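Enquirer: What follows is a structure written as structure tokens; I'll ask about it next.
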Amino acid sequence: MHHAKGCFSFPAYVRLPTYSFMSSIRILGIDPGFDRTGIGVIDQSGGRLSWVYHSCIQTRAEDPFSLRLQQTRDGIRIALDRFKPEAAVVEQLFFQSNAKTAIKVGMARGVAIITLADANIPVIELTPNQVKHGITGWGAADKKQIQEMVKRLLGLKEIPKPDDAADALALAIVGGPLVGLQSAKAISRKKSL
């Protein structure tokens with residue numbers, strides 16, 4: 001295999017799993033934030049969705065920022081160990097008017113992605129509008145509409161709380177079908193090399 005100067009290939013043990021649309025897969029959704037990171041876990045089997053878990057990793061405002069990032073990482077590691085997802089979906093950073101907040105959220109997002117990479121979990125990244133469109137069919141849907149659809153799609157009695165956890169479940173729901181597509185593309189690229 002030819003590599004450009006300064007580039008490297010991943011070790012042989014790093015493999016993207018292959019999924020058909022009829023197979024069962026556990027998906028972790030992550031709505032990153034430095035104050036609160038939403039976590040949502042679902043199982044997808046064919047066209048059926050099942051709720052597994054949702055919560056938030058809450059950090060304390062009075063703690064140093066580096067400690068808050070560590071707490072976010074540790075919370076994601078606990079979720080990985082406990083639920084053993086086969087793929088993850090992380091929200092992409094959207095435009096923020098407050099640059100300081102955007103930078104901190106971006107750092108928390110980076111912590112989430114590197115934690116998933118360290119665990120060899122394939123990651124799908126979605127924008128908020130992709131999630132809105134995927135859940136409701138409309139890219140300008142509001143939070144209430146998204147939460148109601150999450151409740152319906154997962155057969156829950158109540159809207160998941162807090163909002164960050166509901167957003168994480170929405171990410172997992174929308175990203176699930178994309179996991180198989182990403183895996184197929186990776187296999188196709190590998191065969192062409």
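The values are calculated or read from the model by the stated rules, or taken from the named source; none is laboratory data. Please read these numbers as outputs of a predicted model, since none were measured by experiment. Quick reminder, even Gly has a Cβ in these numbers, built from the backbone with ideal geometry, and neighbours come from all protein chains shown. Protein only, heavy atoms only, side chains kept; ligands, DNA and RNA dropped before computing areas. Shrake-Rupley method; radii C 1.70, N 1.55, O 1.52, S 1.80 Å.
Enquirer: Report the label-to-label distance for Glu125 and Ala61 in nanometres (one decimal), using points 7 Å from each Cα along the Cα→Cβ vector.
Expert: Going by the 7 Å Cα→Cβ label model, 3.0 nm.
Enquirer: To continue, here is another question. Quote to one decimal, in nm, the extra length available between Ser50 and Lys84 on full extension: 0.36 nm per residue of separation minus the C-alpha distance between them.
Expert: Working: separation 34, 0.36 × 34 = 12.24 nm, distance 1.52 nm.
So the chain would gain 10.7 nm between Ser50 and Lys84.
Enquirer: What pairs from Lys84/Lys161; Lys104/Lys161; Lys100/Lys151; Lys132/Lys157; Lys100/Lys161; Lys84/Lys143 go past 25 Å between their alpha carbons?
Expert: Lys100/Lys151; Lys100/Lys161; Lys84/Lys143
Enquirer: I want the local charge near Glu158. Using Cβ-Cβ distances under 14 Å, sum +1 for each Lys or Arg and -1 for each Asp or Glu among the other residues.
Expert: Neighbourhood net charge equals +3.
Enquirer: Per the 1.4 Å probe, what fraction of the accessible area of segment 19-95, in percent, lies on carbon and sulfur atoms?
Expert: The nonpolar share, carbon plus sulfur, comes to 54 percent.
Enquirer: ³J(HN,Hα) across segment 123-131 via Karplus (A = 6.51, B = -1.76, C = 1.60, θ = phi - 60°), whole Hz, x for Gly/Pro?
Expert: 10, 9, 10, 10, 7, x, 5, 5, 5
Enquirer: For segment 67-78, just list the computed ³J(HN,Hα) in residue order, Karplus coefficients 6.51, -1.76 and 1.60, θ = phi - 60°, integers in Hz, with x standing in for Gly and Pro.
Expert: Result, ordered by residue: 5, 5, 5, 4, 5, 5, 4, 5, x, 5, 4, 4 Hz.
Enquirer: While we're here: What FRET efficiency would be calculated for the residue pair Ala99, Glu148, taking the C-beta separation as r and a Förster radius of 30 Å, to the nearest 0.05?
Expert: It comes to 0.35.
Enquirer: Counting Lys and Arg as +1 and Asp and Glu as -1, what is the net charge of the other residues whose Cβ lies under 9 Å from the Cβ of Gln92? Working shown, then result.
Expert: Values: positive: Arg109; negative: Glu91, Glu125.
Combined, the nearby Lys, Arg, Asp and Glu give -1.
Enquirer: Quick check for you: which residues of segment 117-135 have the amide N under 20 Å from the point 7 Å beyond the Cα of Arg77 toward its beta carbon?
Expert: Under cut-off, by backbone N: 117-123.
Enquirer: Okay, moving on. Separation between the Gln70 and Ile159 pseudo-spin-labels, each 7 Å from Cα along Cα→Cβ, expressed in nm?
Expert: 3.7
Enquirer: Next question. Enumerate the amide H contacts of Ile124 below 5 Å, restricted to partners 5 or more residues apart or on another chain; note that Pro and chain-start residues carry no placed amide H.
Expert: Ala88, Val89, Val90
Enquirer: Now for a separate question. HN-Hα J couplings of segment 24-29 from phi, Karplus 6.51/-1.76/1.60, θ = phi - 60°, integer Hz, Gly and Pro as x?
Expert: Values, residue by residue: 9, 8, 9, 10, 9, x Hz.
Enquirer: By how many nm would the segment from Ala140 to Ser23 grow when fully extended, if each residue of separation counts as 0.36 nm and the alpha-carbon distance is taken off?
Expert: Numbers: separation 117, 0.36 × 117 = 42.12 nm, distance 3.14 nm.
Separation in residues times 0.36 nm, less the Cα-Cα distance, equals 39.0 nm.
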